[in-house]
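The values are calculated or read from the model by the stated rules, or taken from the named source; none is laboratory data. Treat the numbers as computed from the prediction; the structure is a model and nothing was measured. Neighbour counts are summed over all protein chains in view; Cβ atoms, including those assigned to glycine, are modelled from backbone coordinates with ideal geometry.
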Amino acid sequence: MFRTLYAKLSLSLIALLIIMGIFYTLLSFSTARYYFQETSQNLNLDLAQNLVADQKLVQDGQINKTALSNTFMKYMVINPSIEIYLLDLTGNILSYSADPGQVKRNSVSLKPIKAFLNGKKLPLLGDDPRSHERQKIFSVTPVPSATEAEAYLYVVLQGTQYDTVEQLIKESLLWKQTGLAFIGSLSIGLIIGLLLFKKLTKRLNHLSEKIGQFHDSDFSFLVTGDKTSKSNDEIDQLNQTFNQMAQRIVSQLNELKQQHNLRSELVANVSHDLRTPVAILHGYLETLDLKVNQLSAIEQRDYIKQALLSSERLNRLISELFDLASLEARDSLNNMESFNLSELAHDVIQKFQLKAKERQINLTMKITEAALFVRGDIALIERLFENLLGNALKFTPNQGHIDFCLKTNEKKIIVSIKDEGPGIPKDEIEKIFERFYQGKKNNNRAKPGGLGLAIARRIADLHGGNINVESRPGQGAVFTFSLPKVTH
Ligand SMILES: Nc1ncnc2c1ncn2[C@@H]1O[C@H](COP(=O)(O)OP(=O)(O)OP(=O)(O)O)[C@@H](O)[C@H]1O
Ligand SMILES: [Mg+2]
């Protein structure tokens, strides 16, 4: 129970208040005592002198012994609050008014007496002959006179000081009230302190509960909807930082899960796509093996051709997969060079012209500037063009048109490839750039693929560029690739 922060803070506050109380009481007591001693001694400054005059203790320059013993008697009975001593000049007690059994000293120190007679600052404490250690305020006068002193009349003021706190408090109503007020204010301070601590620790408890829940949820779920506090103090900052941290953890964990799922999906897709051509290849080879004698030479050639086609597809798929994996693994390019994009476009188109002509497709090129320099990996940009043009050619029907256009604005170089294929349905537009995605209509799982656009997008990303598509089903598609311009 005492392990909670609240308990620790409360105990510390209580201890602090008790120490403060004791300190304050002692301080007040000693100040009060000092004050009482000062005023009493001041009031009774001339007491010894007046006694000498009033009681006629000195007559004709001599100490009147009878008057002295009468005075002793009188004060012992009537006014026990003072005690009168006759001292010789070295401080030895010659005679006194008190009960003989109570006097413990034979002499008192002369130092305070001298200080008193020299008018030093009050209060001055002199030895109390009734005790071995105690000191009390006093009044003193030399007798018979200051010039011809033979002895001192030493008057100890007994009843005017308070020896203990209880006595002080008991005897003074003011002190009683002050004491009560003090205890009252300490208690109010304690209550307010405890309430404040409760309030502060409540927020901390809330935070630690939240952290606990987050931990229990296996770092996957963060309780939101905190009351936003305006104070923005350390606890709030801690809370905000924790929220940000937790959100980051949640999103990173989700990302990891997603990546894990993607990876499993990828493995499933890869195995599926590999299995089909392998099965076909295997089928043809097996037939050739079993029926080699029953097959005509033409049939044999055909089987071998089919087997070769399958192995080519396999080969292409494996190398594309490998390329994509290595493109995804890097986050920057190392073969960067400055080259003329118009020239590259020209060469790639030239390569595709033959295939286009075979199908009477009109592949045209529109280039606004003959020299358009960019920085990049030339082989990868060539690959990107090939993938886009390959798709355009694949999807455009015979006798159709494909327009390749290269233009530039202030910041970018924009390449667009427009075809007359079937177009892409709206719900597929985002998916076509994913690995292994092949359009629903085009879903010919016997022909593995669906990596061309994923590779193209990754190449564009690595060059700080962008790939987009605009298409309406039935009206062809326009793929646009933009690259930041290099300024020399
Ligand atoms: N020019 C286009 N016209 C219509 N659909 C397209 C076009 N280009 C791509 N697509 C759609 O996007 C899908 C993904 O294209 P991608 O190039 O990634 O794969 P693929 O061409 O099917 O196979 P691969 O390029 O690996 O041989 C295609 O299957 C097709 O459905
Ligand atoms: Mg393709």
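Working carefully through the options LYS114, LYS104, LYS136, find the one that is in contact with an Asp or Glu (Cβ under 7 Å, 6 or more places away or on another chain) and either assigned by TED's automatic domain parsing to the domain that holds ALA67 or not basic (Lys, Arg) (or both). So that I can check it myself, show each step before the final result.
Numbers: LYS114 fails: in contact with an Asp or Glu (Cβ under 7 Å, 6 or more places away or on another chain); LYS104 fails: in contact with an Asp or Glu (Cβ under 7 Å, 6 or more places away or on another chain).
Of LYS114, LYS104, LYS136, the one residue that is in contact with an Asp or Glu (Cβ under 7 Å, 6 or more places away or on another chain) and either assigned by TED's automatic domain parsing to the domain that holds ALA67 or not basic (Lys, Arg) (or both) is LYS136.
Can you tell me which residue is nearest to ligand 1 (Cβ to nearest atom) among those in the range 355-393 that are part of a strand (DSSP E or B) and more than 52 Å from the chain's Cα centre (by Cα)?
To start, the set of residues in the range 355-393 that are part of a strand (DSSP E or B) comprises 362-367, 373-376.
Right, trim to more than 52 Å from the chain's Cα centre (by Cα) and you get 362-367.
Details: ASN362: 16, LEU363: 13, THR364: 16, MET365: 17, LYS366: 18, ILE367: 21 Å.
The qualifying residue nearest to ligand 1 (Cβ to nearest atom) is LEU363.
Being hydrophobic (A, V, I, L, M, F, W, C), at pLDDT below 85 and not in a helix (DSSP H, G or I) is the filter here; which residues of the range 1-58 pass it? I'd like the intermediate steps shown before the answer.
Just the residues of the range 1-58 that are hydrophobic (A, V, I, L, M, F, W, C), to begin with: 1-2, 5, 7, 9, 11, 13-20, 22-23, 26-27, 29, 32, 36, 43, 45, 47-48, 51-53, 57-58.
Cutting the leftovers down to at pLDDT below 85 gives us 1-2, 29, 32, 36.
Result: MET1, PHE2.
Among the residues of the range 349-373, what is the count of those that are surrounded by 20 or more Cβ atoms within 10 Å (Cβ to Cβ) and β-branched (Val, Ile, Thr)?
1
Within the range 71-96, track down each residue that is part of a helix (DSSP H, G or I), without any contact (Cβ under 8 Å) to a residue 24 or more places away in the chain and more than 27 Å from LYS111 (Cβ to Cβ).
Residues of the range 71-96 part of a helix (DSSP H, G or I): 71-77.
Those left that are additionally without any contact (Cβ under 8 Å) to a residue 24 or more places away in the chain: 74-77.
Selection gives LYS74, MET76, VAL77.
In the set ASN387, ASN409, ASN398, ASN391, which member is modelled with pLDDT under 90 and either within 12 Å of ligand 2 (Cβ to nearest atom) or in the same structural domain as ILE361 (by TED's automatic domain parsing) (or both)? Reasoning before the result, please.
Details: ASN387 fails: modelled with pLDDT under 90; ASN398 fails: modelled with pLDDT under 90; ASN391 fails: modelled with pLDDT under 90.
The conditions single out ASN409.
Please enumerate the residues belonging to the range 317-329 that are within 14 Å of ligand 1 (Cβ to nearest atom), without any contact (Cβ under 8 Å) to a residue 60 or more places away in the chain and not aliphatic (A, V, I, L, M).
Across the range 317-329, the qualifying residues are SER319, PHE322.
May I ask you to list the residues in the range 354-410 that are free of Cβ contacts under 8 Å to residues at least 60 places away in the same chain and more than 22 Å from GLY476 (Cα to Cα)?
Hits for the range 354-410 are THR368, GLU369, ALA370, ALA371, LEU372, ILE378, ALA379, GLU382, ASN409.
Exactly one of (1) loosely packed, with under 12 Cβ neighbours inside 10 Å; (2) touching a residue at least 24 places away in the same chain (Cβ under 8 Å) is unmet by ALA297. Its number?
With respect to (1) loosely packed, with under 12 Cβ neighbours inside 10 Å; (2) touching a residue at least 24 places away in the same chain (Cβ under 8 Å), ALA297 is out only on (2).
Give the residue, chosen from ASN468, ASN409, ASN387, that is closer than 23 Å to LEU341 by Cα and in contact with a Ser or Thr (Cβ under 6 Å, 6 or more places away or on another chain).
Exactly one residue qualifies, and that residue is ASN468.
Check whether at least one residue in the range 151-162 is more than 22 Å from ASP54 (Cβ to Cβ) and buried (at least 19 other Cβ atoms within 10 Å of the Cβ), and report yes or no.
Here is the first cut: in the range 151-162, the residues more than 22 Å from ASP54 (Cβ to Cβ) are 161-162.
Narrowing the set further to residues that are buried (at least 19 other Cβ atoms within 10 Å of the Cβ) leaves 162.
For the range 151-162, residues more than 22 Å from ASP54 (Cβ to Cβ) and buried (at least 19 other Cβ atoms within 10 Å of the Cβ): present.
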